[in-house]
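Student: What follows is a single structure, and I will ask about it in a moment.
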Amino acid sequence: VGPVDDDALSIEVRKDKLLGGLLAAGFDETSCVSRYQSVLYRKESQHKPSPYLISRLRSYEALHKRCGPYTESYNKTLKKLKTGHHLESTDCNYLVWISFSGLGNRILTLASAFLYALLTNRVLLVDPGTDMVDLFCEPFPEVSWFLPLDFPLKNQFGSFDQKSPHCYGRMLKNNSFANSSKSISAPFVYLHLVHDYDDQDKLFFCNEDQTSLREVPWLIMKTDNYFVPSLFLIPTFEQQLSNLFPRKEAVFHLLGRYIFHPTNPVWGLITRYYQAYLAKADERIGIQIRVFDTGTGPFQHVLDQIIACTLKENLLPDISTEKPIINQSQKSKAVLVTSLSGGYFERLRDMYWEHPTVTGEVISFYQPSHEEYQQTEKQFHNRKAWAEMYLLSLTDVLITSSWSTFGYVAQSLGGLKPWILYKPENQTAPDPPCGRVMSMEPCFHAPPFYDCKAKRGIDTGAVVPHLRHCEDMSWGLKLVDNESEL
C-alpha cells in the first residue's frame with residue numbers, strides 16, 4: 001500500500017465527523033475538541049441515524065435556539081412561574097432535568113429526558129449541579145442547554161420529593177385537578193421518577209396522563225432510571241419512536257453520541273491515556289468491574305469469575321504453567337481494567353507477567369485510576385469516571401458487571417454487545433460466569449408493571465416483541481431488536 005493521500009484521508013474524516021448527519025455542523029471546534037474528533041478514535045458505527053431522527057434533531061436545535069435560556073420566549077414563560085398564573089398557552093414548554101445520583105445514572109437519565117423532550121416538543125434544560133458544566137460540552141448550537149442559576153425554583157430542587165405539593169403522583173392522590181381528561185392548569189409539575197416512586201407517580205407512563213401534562217409549561221423531573229423502554233409502551237409515542245429508531249437497540253447509542261461530548265479537560269484525559277497505552281495494541285479489551293459486596297476487595301470469587309469468563313469465551317488466552325513457550329506470536333492485546341479497587345488489575349497483570357500465554361500472545365493490563373470508593377460529588381473523581389466510561393467504549397471487546405450503569409454507558413456509546421458478569425450470590429462465582437447480552441441498550445431498573453387501559457398489573461416485559469427483561473436484572477426492562485421485524 002502506497003502512502004495515504006492526506007487530502008483523501010481528511011475528506012473522509014471531514015465527511016464522517018458529523019456521524020452520518022447526527023451532529024450539526026458549525027460549532028467552534030476548539031471549544032469542544034471531542035465533538036468532531038471522536039470519529040478518529042472509534043470504529044465506524046454500524047448504526048446509522050434514520051433520516052427522521054436527523055430531521056427531528058435539526059428542528060429541535062431550532063426550537064432550542066428560539067426558546068432557550070434568556071430568549072424572549074423563555075423570559076415570558078418564566079413570568080408564569082413567578083406569578084403562579086397559568087396565562088394563555090405559551091409558544092415554548094420546558095422540561096427541567098435535576099442533576100441527581102451517580103454519574104452513570106445521570107448520563108442515562110439525561111438521555112431519557114432528552115428523548116421525552118423530543119417526543120413532546122419541549123425544550124430540555126439541564127440543572128448544572130456541581131460538575132455538569134465541567135464534564136459535558138454544550139450539545140446544541142448557539143444557545144446553552146444549562147438552566148440559568150437564577151431560575152426561581154432552583155433552590156427547591158433538593159427538597160422536591162413525593163410529598164411536594166406539585167408532585168404529579170401526589171396531585172393525582174389528592175385529585176388536585178378536577179378530572180384527568182382535563183389538562184392541568186398549574187404553572188409547573190414535579191415528576192418523581194426515582195426508583196422509590198409509587199403507583200401514582202408511575203402513571204406518568206400512561207397515555208391519558210401524558211395528555212393531561214401536555215399543556216403544563218414547566219415539567220421538572222428527578223430520576224435515577226433509564227426510563228426509555230417504558231416510553232415505547234405509550235401509544236401516543238409509538239409511531240414517532242418507530243420512525244426515529246428503526247433499530248431499537250440503537251436508541252442510547254445514537255442519542256448518547258449526539259448529546260455527550262467530553263469537555264476539553266476530560267478529552268485530554270481520554271486521548272492521552274488512549275495514545276499512551278491502548279493505541280498500538282492489535283486488540284483492545286475492556287473489563288469493567290463493579291462489586292456490590294460490602295467490605296474491601298479484591299474478592300477471590302470475583303477474580304475467579306473474571307478469569308473463568310475470559311477463558312470460557314476465548315477473550316484472553318490461557319497461561320502455561322508447565323513449559324516455556326517458544327513460538328512467540330506477535331499479536332498484542334491491551335486490557336483496560338476499570339474498578340474502584342486496584343487489586344483485580346494487579347492480580348491479572350501478575351498472572352500474565354509470571355506465566356507465558358499458551359498462544360504466545362502478549363497481554364498487557366492497564367488501569368487508569370482506583371479511587372477505592374464512589375465519590376459522587378467530587379469534581380476530579382467524576383472527570384476520571386467519565387474518561388474511563390469513554391475509554392471502555394473505545395475497546396473492541398467488553399466485559400461488564402451486572403446492575404452497573406457505568407457499564408451500560410460504555411457499551412451503548414461504543415456500540416458494543418458486552419459479556420456481562422452475572423451477579424455472584426453468597427460470595428461464590430456463578431456458573432456460567434458470564435453471558436453475551438441480547439442488545440447493547442441499558443436496562444431500566446425500576447419499570448412500572450401496569451396496564452393503563454385495563455388499570456391492572458401486567459408483565460410489561462411480555463407486551464411487545466422489542467421489550468424484554470434484562471439479562472442482569474430479572475424485573476428490569478430493555479429494548480431489543482426483534483430479528484423478524486428487521
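Student: Between Gly169, Gly102, Gly158, which is surrounded by 19 or more Cβ atoms within 10 Å (Cβ to Cβ) and of a type outside the set (D, E, K, R)?
Tutor: It is Gly169.
Student: For region 229-337, which fully contained helices (runs of 4 or more DSSP H) count at least 1 residues that are open to solvent by less than 40 Å² (accessible area, probe 1.4 Å), over 22 Å from Leu416 (Cα atoms) and assigned by the TED database to the domain that holds Val358?
Tutor: Ranges flagged: 300-312.
Student: Also, quick follow-up: Please find, within region 55-73, the residue that is most open to solvent (accessible area, probe 1.4 Å) out of those that are in contact with a strand residue (DSSP E or B) (Cβ under 8 Å, 6 or more places away or on another chain) and in a helix (DSSP H, G or I).
Tutor: Residue satisfying both the conditions and the ranking: Leu63.
Student: Considering only region 452-469, I want to know if a residue exists there that is charged (D, E, K, R), closer than 19 Å to Glu249 by Cα and outside any helix (DSSP H, G or I).
Tutor: Scanning region 452-469, I find at least one residue that is charged (D, E, K, R), closer than 19 Å to Glu249 by Cα and outside any helix (DSSP H, G or I), so the answer is yes.
Student: Taking region 84-118 as the region of interest, how many residues are without any contact (Cβ under 8 Å) to a residue 12 or more places away in the chain and among the β-branched types (Val, Ile, Thr)?
Tutor: 0
Student: Touching a strand residue (DSSP E or B) at 6+ places or on another chain (Cβ under 6 Å), touching a residue at least 12 places away in the same chain (Cβ under 8 Å) and open to solvent by 20 Å² or more (accessible area, probe 1.4 Å): is that true of Arg436 in this structure?
Tutor: yes
Student: Can I ask one more? Among the numbered criteria (1) under 22 Å from Leu81 (Cα atoms); (2) free of Cβ contacts under 8 Å to residues at least 40 places away in the same chain; (3) of a type in the set (Gly, Ala, Ser), which single criterion is violated by Gly268?
Tutor: Checking Gly268 against (1) under 22 Å from Leu81 (Cα atoms); (2) free of Cβ contacts under 8 Å to residues at least 40 places away in the same chain; (3) of a type in the set (Gly, Ala, Ser), the one that fails is (1).
Conditions tested, residue by residue: (1) basic (Lys, Arg); (2) open to solvent by 90 Å² or more (accessible area, probe 1.4 Å); (3) modelled with pLDDT of 95 or more; (4) not in a helix (DSSP H, G or I).
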| residue | (1), (2), (3), (4) |
| --- | --- |
| Asp7 | no, yes, no, no |
| Ser10 | no, no, no, no |
| Val13 | no, no, no, no |
| Ala25 | no, no, no, yes |
| Pro49 | no, no, yes, yes |
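Student: Also, I was wondering about something else. Just need a number here: residues in region 27-36 that are modelled with pLDDT of 95 or more and not aliphatic (A, V, I, L, M).
Tutor: Matching residues across region 27-36 total 5.
Student: Starting from region 137-148, take each residue that is under 13 Å from Lys65 (Cα atoms) and among the aliphatic types (A, V, I, L, M) and list its partners that are modelled with pLDDT of 95 or more and crowded, with 18+ Cβ neighbours inside 10 Å, counting only C-beta distances under 7 angstrom and pairs at least six apart or across chains.
Tutor: If the second residue must be modelled with pLDDT of 95 or more and crowded, with 18+ Cβ neighbours inside 10 Å, the pairs left are Val143/His64; Val143/Gly68; Val143/Pro69.
The values are calculated or read from the model by the stated rules, or taken from the named source; none is laboratory data. All of these numbers come straight from a predicted model, not from anything done at the bench. Heads up, the Cβs are rebuilt from the backbone with ideal geometry, glycines too, and the neighbour counts pull from every protein chain shown. Accessible surface areas use protein heavy atoms only, side chains included; no ligands, DNA or RNA. Shrake-Rupley method; radii C 1.70, N 1.55, O 1.52, S 1.80 Å.
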